[in-house]
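The values are calculated or read from the model by the stated rules, or taken from the named source; none is laboratory data. Note that the structure is predicted; figures quoted are calculated from it, not measured. With ideal geometry, Cβ positions are generated from the backbone for all residues, glycine too; neighbour counts draw on all protein chains shown. With ligands, DNA and RNA removed, areas are computed over all heavy atoms of the protein, side chains included. Shrake-Rupley method; radii C 1.70, N 1.55, O 1.52, S 1.80 Å.
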Amino acid sequence: MTSNDVQLTIVGSVAIDTIETPTEKHEEILGGSASYACAAASFFVRPGMVGVVGTDFPNHFRQNWENLKIDLQGLQSVEGKTFRWSGVYEENMDNRRTLSTDLNVFETFSPELPESYRAAPYLFLGNIHPALQLHVLEQVQNPRFVLIDTMDLWINLAKEELTKVIGKCHMFTLNESEATLFTGEHSLQKAAEKLLELGPEYVLIKKGGNGSMLFSKEGIFLLHAYPLNSFKDPTGAGDSFAGGFMGALAASGKTDLESIRQSMIYGAIVASFGIEEFSLDRLWKLTSSEIAARTLEFKEMCRI
Ligand code: AMP
């Protein structure tokens, strides 16, 4: 491995979103799990992005990624339109409804890792079809830490493949309703126990504005979300959390529980900035010193 090789590979969707909240509507804005996760990780390491865009993909989005020093060798550009997704948030900003999903070039996407990504010790597989996640796992060389995310769609459509994927990662993450959907358990503890039985060392259950819970045979770690007075667009918060978490863990070079707990704090902090604006608008201008200051403030809030 040379110093140019990426330490963290991130695979996921790249999307052009239209998002409606009770007060605002933003059309044709950048989204997708890989976009959010790579931007969040870039504050800690240089991540390599694996995804696909169409020929209509605006150059200024790509320029923003380059400004964050995201490696784009793994980003495929193919003839056709970029994946489009639109969603609407209800009054409480918690419930979200999907209005439309146009897969476009995402429909035939097959993630291929550039040679320089294959030995990356850290890997985040964002929310894509579990068969594609398996395809990525076949290309990597013994990574030290693999985090895998999913969504209700794959639990409903491809549970068998998803179960295989879960058995091949170090940490599996999903949100609380998905944990119940997958296991049939309403108790998150019971749900996590069932998921741990499938093979991963850690299960991370995301609870939106209520934070997250990490389960392992070493016990439970509870992390609150950073309290914000107001936020504009929660889209991608889970991906920013995962990207910030994996970026911080990769920067630490470790995989022990203490480093995982510390890195989860960075995930929560970067995600809190991300939702202050629509799309990735807050992340483009975020600085490391802002992350450091909010992290200190957050740790003080949690001190017992
Ligand atoms: P989250 O808020 O974590 O659910 O992530 C939202 C992002 O996921 C949006 O920017 C969407 O473009 C993207 N997205 C929505 N549906 C899908 C899907 N079926 N596969 C992959 N990404 C998706």
Inset, instruction - Let me have the 222 nm mean residue ellipticity of the chain computed from DSSP H runs of 4+ only, each contributing -39500 (n - 2.57), with the sum over all residues rounded to the nearest 500. - result: -11000 deg cm²/dmol
Inset, instruction - Find the accessible area per residue for the chain; the probe is 1.4 Å, ligands and nucleic acids are left out, and the unit is Å². - result: 44 Å²
Legend entry - Cα-based Rg and Dmax for region 13-53, where Dmax is the largest Cα-Cα distance (Å): 12.3, 36
Legend entry - Projected area averaged over orientations for region 70-165, convex hull of C-alpha atoms, nm²: 7.9 nm²
Inset, instruction - For an R0 of 30 angstrom, estimate the FRET efficiency from the Cβ-Cβ distance between Glu160 and Glu276 and round to the nearest 0.05. - result: 0.15
Legend entry - Positive-pole candidate from Val270, Pro234, His224, dipole of region 201-278, charges at beta carbon: His224
Legend entry - Cβ-placed point charges (K, R +1; D, E -1), dipole of region 48-108 about Cα centre in debye, nearest 20: 100 debye
Legend entry - Within region 134-211, trypsin sites (Lys or Arg not before Pro) in DSSP loop having at most 15 other beta-carbon neighbours inside 10 Å: Arg144
Inset, instruction - Sort largest first and round to whole Å: the equivalent ellipsoid semi-axes of region 5-88, each the square root of five times a Cα gyration tensor eigenvalue. - result: 23, 15, 10
Inset, instruction - Report Phe106's accessible area, 1.4 Å probe, all protein chains in place, as a number in Å² to the nearest 10. - result: 30 Å²
Inset, instruction - Starting from the Kirkwood radius over alpha-carbon pairs of region 182-268, derive D by Stokes-Einstein at 20 °C in a medium of 1.002 mPa s and give it in µm² s⁻¹. - result: 155 µm²/s
Inset, instruction - Run the 1.4 Å probe and let me know the accessible area of Asp152, rounded to the nearest 10 Å². - result: 70 Å²
Inset, instruction - Inverting the mean 1/r over all pairs of different Cα atoms, compute the Kirkwood radius of the chain and quote it in Å. - result: 19.1 Å
Inset, instruction - Give the percent of DSSP beta bridges with both residues in region 119-274 that are antiparallel, rounded to the nearest 5. - result: 45 percent
Inset, instruction - Can you tell me the dipole magnitude for region 13-87 around its Cα centre, using point charges on the Cβ only (Lys, Arg +1; Asp, Glu -1), in Debye to the nearest 20? - result: 240 debye
Inset, instruction - Determine how many Å³ per residue the convex hull of the Cα atoms of region 1-157 encloses. - result: 125 Å³
Legend entry - Kirkwood Rh in Å, taken over region 241-303 so that all alpha-carbon pairs contribute: 12.0 Å
Inset, instruction - Please identify, among Glu258, Glu20, Glu28, the residue showing maximal mean-square fluctuation in a Gaussian network model of the chain using a 10 angstrom Cα cutoff. - result: Glu258
Legend entry - Choice from Thr183, Thr235, Thr108 with maximal GNM fluctuation in the chain (Cα, 10 Å cutoff): Thr108
Legend entry - Within the chain, percent of DSSP bridges classed antiparallel, to nearest 5: 40 percent
Inset, instruction - Would you work out the charge dipole size for the chain about its Cα centre, treating the Cβ of every Lys and Arg as +1 and the Cβ of every Asp and Glu as -1, and quote it to the nearest 20 debye? - result: 700 debye
Legend entry - Eligible lysines near Lys69 by straight Cα distance, threshold 22 Å, same-chain separation 8 or greater: Lys285
